[in-house]
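Enquirer: Following this message is one structure expressed as structure tokens.
The values are calculated or read from the model by the stated rules, or taken from the named source; none is laboratory data. Quick caveat: nothing in here was measured; it's all calculated off a predicted structure. Because the Cβ atoms are built from the backbone with ideal geometry, glycine has one as well, and the counts that use them run over all protein chains shown. Surface areas here come from the heavy atoms of the whole protein model, side chains and all, with no ligands, DNA or RNA. Shrake-Rupley method; radii C 1.70, N 1.55, O 1.52, S 1.80 Å.
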Amino acid sequence: MQATAISNDRSEKYSELRGLALLESPKLTKGTAFTLEERHALGLEGLLPPSVETIDKQHQRVLQQLGQKPTDLERYIYLNQLVDTNETLFYNVIMSNPAYFLPILYDPTIAEACLKFSHIYRRPRGMYISIKDRGHVRERLANWPDKNVRVLCATSGGRILGLGDLGANGMGIPIGKLQLYTACAGVPPKGLLPIFVDFGTNNSGLLNDPLYIGLRQTRSPLTEVDGFVDEFVAAVQQEFKDCCIHFEDWRGTDAIHYLARYRDQVCCFNDDIQGTGSITVAGLENAMRITNQKLRDQRVLFFGAGSAGVGNAIMTVAAMKLEGLSDTEARERIWMFDINGLLETSRNDLSPEQLQFAHPHSPSHDLVEVVNSVRPTILIGISTVGKAFSKSVIEAMLKISERPVIFALSNPTENAECTAEEAYMWSDGRAIFAAGVQFPPVQYKGKTFLPGQANNFYIYPAIGFAVYATRARRITDEMFIEAAKSTADAVTDEQRALGLIFPPQSNVLETELRTAVRVATLIFDRNLAGVSRPSDVNAWLRAMVYKPVYNM
Ligand code: NAI
């Protein structure tokens, strides 16, 4: 198949829609920006106020209306109504200031939005496929009007952020994730589809909530669900050619299970496992540049061994191997700790994925004791347990390393293992710190510390764009390592000197486009692309970038 540039959504023929139907089409409308000629030609006269406005004027009005909203949740609701009425204007607004809008559309506001999703629900904005559709999944997918779906983000709501099982309320996550594909990497929104895969919820609060929008039953057992998910994955391949499945926020064990089941069969990835691993490796790369050390010489302790923790560990091993270690040598440097204590070889409750990181050691449930004994130079919290890194944990890390690396990756904010202020104060400014949420700068002893946000939104939109453009047949861990290195490279020496280990959000589009180009190049190099290689991958990919302007 020949590589072709993908045009902006708005290049669809206006002639297909006229009058009110055109005005109310969120993908095609220009609202008050329709010119007088367009109004005449398209049956819009009398349907709009007389003033003809530019998109900049409309943008101004959105900002003014947003300014009157009292909370970020209200701003979230407003913006999601805007995308339902005028998609171009929505992206025009959020892409103008990603550092301001990402926290409203995603972390941390998304946590509250998901908790209240059934109550703030307005429109479906994606598909809802339930286990009751078993045997008919393809027919259901066929109801989606656009056949050119290129990436779909599917959640079962099993583990939403650090909030546990939120059932159908979890649909806020794939909707938000895919909006970030466009906002952060310029992926055209037309080929993106959020899906909620419903096999019940074990959240009794939701089951008893009269406004709950999901299937009102407890989760079906995995044995039953497997067949249904197999049917779903196969139906996606049949209905949407070359479509990548982005798995998001499935319960930890399910996430690992389904990634292993499908990764060599279809084009898919699990963001909680691979995306999180990749952004962690990006942070570690830069931490090593600050300390002038090699990752291969570190010992890493993960506090939390769920899907994200194990994904992080696997990706860290891959990065250490690229520095010359064998698989065994790399795994020897990785330790893990979960709700039942240190992962060690006498434990009989570990999955095969966890077992590879269990080493001979006496059992221990005490994190400080484990830090003193394992002597990690890097401590990564990925447990959902807020405040788990106490002053004594940080002080124990200080005894091992001059510049301990401490990441508190759990979100939302109250689940962070420690705050930025705690990490800097308790370590007397020596910790290299990052969190899953954005903490404000910290002043300590006359110095300003800039905590980084280790959020996989630097990674998955760029991977998504590369896969979208190349129609990649498979997604490999190597692509996530390449994305990690590219993200790390986007931080300048000056920024690292201030303690920053992730790129600033203000430049997120350019950062991710560079990453997408590097990943796309790798996809071509590995012969995994479904289109022929263009002579200039950079120019080819940039020609596809979505531009949030009216272009009739
Ligand atoms: P999960 O539920 O699969 O795993 C949680 C892990 O923490 C389990 O191993 C569990 O045993 C352990 N844990 C729970 N309570 C503990 C305790 N008291 N002491 C020690 N360990 C304990 O969840 P998953 O998917 O691994 O996510 C974990 C956290 O990471 C969530 O808060 C999630 O929001 C966050 N996350 C952050 C990302 C980022 O980009 N910053 C990306 C993905 C996840």
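Enquirer: Out of the total accessible area of the chain (probe 1.4 Å, heavy atoms of protein only), what percent is carbon and sulfur?
Expert: 52 percent
Enquirer: Please list TYR121, TYR546, TYR78 from largest to smallest accessible area, probe radius 1.4 Å, with all protein chains kept in place.
Expert: Accessible-area ranking of TYR121, TYR546, TYR78, largest first: TYR121, TYR78, TYR546.
Enquirer: To the nearest 0.05, how large is the calculated FRET efficiency for LEU20 and GLN443 if R₀ is 60 Å and r is the Cβ-Cβ distance?
Expert: Numbers: r = 55 Å, r/R0 = 0.92.
Once the sixth-power term is evaluated, E becomes 0.60.
Enquirer: Can you find, among PRO70, LEU22, LEU47, the residue farthest towards the positive end of the dipole of region 6-96? Put +1 on the C-beta of Lys and Arg, -1 on that of Asp and Glu.
Expert: It is PRO70, whose Cα lies furthest towards the positive end.
Enquirer: Same structure again: Can you compute the radius of gyration and Dmax for the chain, using only the Cα atoms, both in Å?
Expert: When restricted to Cα atoms, the chain yields Rg and Dmax of 23.6, 80 Å.
Enquirer: Here is a further query. Using a 1.4 Å probe and counting only protein heavy atoms, arrange HIS246, HIS136 so the residue with the most accessible area comes first. Provide the component values of the computation, followed by the final result.
Expert: Details: HIS246 0, HIS136 75 Å².
Heavy-atom accessible area, descending, gives HIS136, HIS246.
Enquirer: Which peptide among 282-288, 272-278 comes first, and what is the full order, when sorted by highest mean count of other Cβ atoms within 10 Å? If you can, show how the numbers build up before the last one.
Expert: Working: 282-288: 26.0, 272-278: 28.9.
Going by the mean number of other Cβ atoms within 10 Å, highest first, we get 272-278, 282-288.
Enquirer: Between region 261-289 and region 50-81, what's the alpha-carbon centroid distance in Å?
Expert: 35 Å
Enquirer: Next up: Got a number for the accessible area of LYS241? Probe 1.4 Å, square angstrom, nearest 10.
Expert: 130 Å²
Enquirer: With n ≥ 4 as the cut-off for DSSP H runs, can you work out [θ] at 222 nm for the chain, using -39500 (n - 2.57) per run divided by the number of residues, rounded to the nearest 500?
Expert: Mean residue ellipticity at 222 nm (helix-derived): -12500 deg cm²/dmol.
Enquirer: Could you work out the local net charge near LEU450, counting Lys and Arg as +1, Asp and Glu as -1, over the other residues with Cβ closer than 13 Å to its Cβ?
Expert: 0
Enquirer: Could you give the length gained by full extension between ARG526 and ARG403, i.e. 0.36 nm per residue of separation minus their alpha carbon distance, to one decimal place? Before the final figure, lay out the partial values.
Expert: Working: separation 123, 0.36 × 123 = 44.28 nm, distance 3.78 nm.
Gain on stretching ARG526 to ARG403: 40.5 nm.
Enquirer: Something else now. Please report, in whole Å, how far the alpha carbons of region 79-174 spread along each principal axis, starting with the longest.
Expert: 44, 32, 23
Enquirer: Once ligands and nucleic acids are excluded and a 1.4 Å probe is used, how much of GLU37 is accessible, expressed in Å² to the nearest 10?
Expert: Ignoring ligands and nucleic acids, GLU37 comes out at about 130 Å².
Enquirer: Using a 1.4 angstrom probe and counting only protein chains, how large is the accessible area of ILE481 in Å², to 10?
Expert: Counting only protein heavy atoms, ILE481 exposes about 10 Å² to solvent.
Enquirer: Show me, for region 395-408, the HN-Hα J-couplings you get by feeding each phi into the Karplus relation (A = 6.51, B = -1.76, C = 1.60, θ = phi - 60°), rounded to Hz, glycine and proline as x.
Expert: Whole-Hz 3J(HN,Hα) from phi for region 395-408: 5, 5, 5, 5, 6, 9, 9, 5, 10, x, 9, 10, 10, 10.
Enquirer: Now, a different point. Multiply the residue separation of GLU414 and ARG122 by 0.36 nm, subtract the distance between their alpha-carbon atoms, and state the gained length in nm to one decimal. The partial results should precede the final answer.
Expert: Numbers: separation 292, 0.36 × 292 = 105.12 nm, distance 2.78 nm.
Between GLU414 and ARG122, full extension yields an extra 102.3 nm.
Enquirer: From largest accessible area down, sort SER204, SER427, SER535; use a 1.4 Å probe on the protein chains.
Expert: Values: SER204 75, SER427 0, SER535 130 Å².
Of SER204, SER427, SER535, the descending order of accessible area is SER535, SER204, SER427.
Enquirer: Can you compute the FRET efficiency between ASP146 and ARG296 using 1/(1 + (r/R0)^6), with r the Cβ-Cβ distance and R0 = 41 Å? Round to the nearest 0.05.
Expert: Working: r = 46 Å, r/R0 = 1.13.
So the FRET efficiency works out to roughly 0.35.
Enquirer: While we're on this one: Given points 7 Å out from each Cα along the Cα-Cβ axis, report the ARG138 to GLU37 separation in nanometres with one decimal.
Expert: If labels sit at ARG138 and GLU37, their model points lie 4.7 nm apart.
Enquirer: Starting from 0.36 nm per residue, how many nanometres of slack lie between THR223 and ASP56 once their C-alpha separation is accounted for?
Expert: The span from THR223 to ASP56 would gain 54.8 nm if fully extended.
Enquirer: Related question: Given +1 on the Cβ of Lys and Arg, -1 on the Cβ of Asp and Glu, and no further charges, what dipole in debye does the chain carry about its Cα centre, rounded to the nearest 20?
Expert: 720 debye
Enquirer: Among 216-228, 408-420, 434-446, how do they line up by average Cβ neighbours within 10 Å per residue, starting with the highest?
Expert: Details: 216-228: 14.9, 408-420: 23.8, 434-446: 17.6.
The densest-packed peptide leads the list: 408-420, 434-446, 216-228.
Enquirer: What does DSSP give for the chain in terms of the percent of beta bridges that are antiparallel, rounded to the nearest 5?
Expert: In the chain, approximately 10 percent of DSSP beta bridges are antiparallel ones.
Enquirer: Taking the highest mean first, how do the peptides 47-53, 520-526, 342-348 order by number of other beta carbon atoms within 10 angstrom per residue?
Expert: Details: 47-53: 12.3, 520-526: 19.9, 342-348: 15.4.
Result, highest mean first: 520-526, 342-348, 47-53.
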